[in-house]
1. Return the residues of segment 73-101 that are within 26 Å of Q57 (Cβ to Cβ) and assigned to a strand (DSSP E or B); say none if nothing qualifies.
2. Here is a list: Q28, Q23, Q57. Which entry is out of contact with any helix residue (DSSP H, G or I) (no Cβ under 8 Å at 6 or more places or on another chain), of a type in the set (S, T, N, Q) and modelled with pLDDT of 95 or more?
3. For the structure I just gave you, tell me whether L24 is of a type in the set (A, V, I, L, M), surrounded by 10 or more Cβ atoms within 10 Å (Cβ to Cβ) and assigned to a loop (DSSP other than H, G, I, E, B).
4. So if I check each of I62, I76, which one is under 15 Å from the mean Cα position of the chain (by Cα), surrounded by 14 or more Cβ atoms within 10 Å (Cβ to Cβ), at pLDDT 90 or above and under 18 Å from T38 (Cα atoms)?
5. Go through (1) within 19 Å of S44 (Cβ to Cβ); (2) loosely packed, with under 10 Cβ neighbours inside 10 Å for D96 and report which single condition fails.
Amino acid sequence: MKTIKLIAIATLVIVAGFSANAQLTGTQIVEKAYNRATGDDQTSILTMTLTNKQGKQRVRKIKQFTKDLGDVEKSIMFFQSPADVKNTSFLRWSSDSHITEGLHK
């Protein structure tokens, strides 16, 4: 009997959550995603595709680390591939008044 009550309560909570989100517009969903808290640090795996005028593409794989220290944000990206840019890094420190960037091989 306890199991049935728990399943019923869980089902009601899930249904209520879906119905509350179903009334959001597309713009509201994008705004909620954009304005959500991102935390103080972040790790990302990125793919950069460069396309020239002739349509030829070059793909770069990147691993990025970011740390938000309040008044300063520090970010470093390590190129993973292709071989000609592997182990190259891009460092960026930014604050409200200044941005420092550098490419390191």
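1. Initial filter on segment 73-101 (within 26 Å of Q57 (Cβ to Cβ)): 75-90, 92, 101.
Once the filter is applied, which keeps residues that are within 26 Å of Q57 (Cβ to Cβ) and assigned to a strand (DSSP E or B), segment 73-101 yields S75, I76, M77, F78, F79, Q80, S81, S89, F90, R92, E101.
2. On the way: Q28 fails: modelled with pLDDT of 95 or more; Q23 fails: modelled with pLDDT of 95 or more.
Answer to the selection: Q57.
3. Values: of a type in the set (A, V, I, L, M): yes; surrounded by 10 or more Cβ atoms within 10 Å (Cβ to Cβ): yes; assigned to a loop (DSSP other than H, G, I, E, B): yes.
Criteria met by L24.
4. Working: I62 fails: under 18 Å from T38 (Cα atoms).
When all the criteria are applied, what remains is I76.
5. Single failed check for D96: (1).
The values are calculated or read from the model by the stated rules, or taken from the named source; none is laboratory data. Fair warning: this is a prediction, and the values are worked out from it, not measured in the lab. Quick reminder, even Gly has a Cβ in these numbers, built from the backbone with ideal geometry, and neighbours come from all protein chains shown.
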